[in-house]
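The values are calculated or read from the model by the stated rules, or taken from the named source; none is laboratory data. Since we're looking at a predicted model, the values are computed, not measured. Cβ coordinates were reconstructed from backbone atoms using ideal geometry, including for glycine residues, and neighbour counts include every protein chain displayed. Surface accessibility is based on the protein's heavy atoms, side chains included, excluding ligands, DNA and RNA. Shrake-Rupley method; radii C 1.70, N 1.55, O 1.52, S 1.80 Å.
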Amino acid sequence: SPARTQRGGVKQFLLIQTAFLGDAVLVTSILEKLHMHYPEAAIDLVVRKGNDGLFTAHPFLRKLHVWDKREGKTRSLFKLIGTLREQRYDHVINAQRFFSTGLMTAFSGGKETIGYNKNPLSFLFSRKVKHNIPEPKALRENPAKSDAPIIHEVDRLNDLIAHLTDASRSLPKLYPTAEDRAAVDHLIILSSDRLIPYITIAPASVWFTKQWPAEKWIELIKTLPAQYRVLLIGAPGDIPLCERISREAGRGEVLAGKLALLGTAALMEGAAMNYVNDSAPLHIASAMNAPVTAVFCSTVPAFGFGPLNANGRIVERGQPLYCRPCGLHGFKACPEGHFNCAWEVEVENA
């Protein structure tokens with residue numbers, strides 16, 4: 001059986017992704033693909049503290065390793081490496097380009113260690129994979145490149161395991177529990193037999209230049225059909241922004257901070273539409289095959305982080321801008337001071 005090692009035991013995989021929430025969602029595409037090709041194999045995953053809530057009772061995971069950097073980043077890293085070495089994994093797959101995960105991979109004791117060539121410790125990996133992503137400067141200087149076929153992040157992730165599986169694209173998927181779905185029902189069902197159609201809006205982002213301004217969200221809400229409830233979602237830290245938008249729009253229920261990550265996923269799955277930035281909620285929508293409209297400000301779809309399903313839409317500035325994209329991840333403030341990549345995204349196009 002391909003799911004078994006030469007020693008006759010069950011094949012063991014370790015997947016590493018300790019970056020932001022959206023990255024943790026997208027890496028589930030690898031979980032799906034590995035399980036499809038190796039249904040008997042044991043698959044473990046390393047994530048950062050805070051993203052572990054995505055994987056509660058995940059059906060394909062044997063073990064979830066959580067790297068809690070608050071315990072002391074270096075000390076907790078080496079403690080985790082020691083735990084990983086004890087397992088003697090057959091394949092260790094690093095989905096990141098960071099030094100810390102390179103260290104985790106190189107010293108994991110895995111029989112095969114796989115990672116991107118841009119990882120600073122890739123010379124220690126047994127298999128290096130090219131990481132193909134457009135450079136912001138190249139897209140600014142030649143906007144026509146943005147119209148070229150897009151290599152999505154899930155395709156780059158699949159490159160890590162294509163030699164173990166095949167070249168076909170596998171999509172991310174999340175698995176809300178019955179408790180998560182019950183929590184959603186408790187919040188949105190007004191009576192035992194009546195559910196009012198709703199739209200969700202996730203207005204926040206870790207990066208300022210990825211976030212459509214509050215004034216734009218307010219304007220959008222005022223245009224939405226009256227028969228839909230408007231639910232504002234996000235993390236506890238997003239509550240003040242959601243409250244401001246709801247207050248100034250004269251409409252909108254603030255659910256930010258009231259649901260676990262998988263509860264939010266279940267809520268988005270049932271929405272008539274989910275409005276998001278180029279941020280984690282976009283990828284949660286894709287993983288739930290939920291309808292989504294994604295507003296791109298400083299970043300561009302050509303980077304490969306757009307919607308994955310046919311029910312996904314992209315809204316962005318109509319014409320090229322000399323400074324867009326200013327970077328791959330976004331900034332705490334607009335480097336040019338005008339933020340026209342966001343202000344000039346028209347609400348009527350959403």
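Observations on the model:
- Here, region 84-126 yields an orientationally averaged convex hull projection of 2.4 nm² when only Cα atoms define the hull.
- Listed pairs LYS210/LYS332; LYS33/LYS79; LYS11/LYS111; LYS111/LYS173 exceeding 19 Å between Cα atoms: LYS33/LYS79; LYS111/LYS173
- Overall form of region 87-168: oblate. Here a/c, set by the Cα gyration tensor axes a ≥ b ≥ c, is 1.5 or more, and a/b is not larger than b/c.
- Its residues counted as N, region 234-279 yields a C-alpha radius of gyration over 2.2 N^0.38 Å of 1.17.
- Separation of alpha-carbon centers, region 153-168 and region 51-83, rounded to whole Å: 24 Å
- Amide H contacts of GLU112 (H built 1.01 Å from N, under 5 Å, at least 5 apart or other chain): HIS91, VAL92
- Accessible area (Å², 1.4 Å probe, nearest 10) - PHE13: 0 Å²
- Among THR209, ASN132, GLY237 - extreme Cα towards positive end, dipole of the chain, charges at beta-carbon: ASN132
- Residues in region 277-343 average 36 Å² of solvent-accessible surface per residue, probe 1.4 Å, ligands and nucleic acids excluded.
- Efficiency of FRET from Cβ geometry, LEU328 and GLU348, R₀ 35 Å, rounded to 0.05: 0.75
- A dipole drawn for the chain from +1 and -1 charges on Cβ atoms has a positive end, and of PRO335, PRO197, LEU34 the residue lying farthest that way is LEU34.
- Where the Cα pairs of region 166-261 fall when distances are cut into 5 Å bins, in %: 2, 11, 19, 20, 18, 13, 9, 4, 2, 1, 0
- For a straight C-alpha distance cut-off of 20 angstrom, the aspartates and glutamates reachable from LYS69 (same-chain residues fewer than eight places away being disregarded) are ASP23, ASP44, ASP52.
- Label zone at THR223 (point 7 Å along Cα-to-Cβ), backbone N below 17 Å, region 276-301: 276-277, 292-297
- The fraction of accessible area contributed by carbon and sulfur in the chain is 53 percent, rounded to a whole number (1.4 Å probe; ligands and nucleic acids excluded).
- 10 Å-binned pair-distance histogram of region 48-184 (Cα, whole percent): 10, 30, 35, 19, 6, 0
- Helical contribution to [θ] at 222 nm, DSSP H n ≥ 4, -39,500 (n - 2.57), averaged over the chain, rounded to 500: -8500 deg cm²/dmol
- Inter-label distance for GLU71 and THR83, nm, one decimal - labels placed 7 Å from Cα along Cα-to-Cβ: 0.6 nm
- Viscosity 1.567 mPa s, 4 °C: Kirkwood-radius Stokes-Einstein D of the chain over Cα pairs, µm²/s: 61 µm²/s
- Projected label distance in nm at ALA138 and ILE151, using a 7 Å step from Cα toward the beta-carbon: 0.8 nm
- Each Lys and Arg adds +1 at its Cβ and each Asp and Glu adds -1 at its Cβ; summed about the Cα centre, region 91-185 shows a dipole of about 440 debye.
- Test item: Cα-centred dipole of the chain, Lys/Arg +1 and Asp/Glu -1 on Cβ, debye: 1200 debye
- Average Cα contact separation per residue, the chain, under 8 Å, 6 or more apart, as relative contact order %: 16 percent
- Förster-model FRET efficiency, 30 Å R0, ASN311 and ASN340, C-beta, rounded to 0.05: 0.55
- Judged by the ratio a/c of the largest to the smallest principal axis of the C-alpha gyration tensor, region 1-89 counts as oblate, that ratio being 1.5 or greater while a/b is no larger than b/c.
- For LYS49 and ASN289, a Förster radius of 45 Å and the Cβ-Cβ distance give a FRET efficiency of 0.95, rounded to the nearest 0.05.
- Per residue, the accessible area of region 169-241 comes to 50 Å² when a 1.4 Å probe rolls over the protein heavy atoms.
- Global geometry of region 275-329, whether rounded, prolate or oblate, following the gyration tensor of its Cα atoms and the 1.5 cut on a/c: prolate
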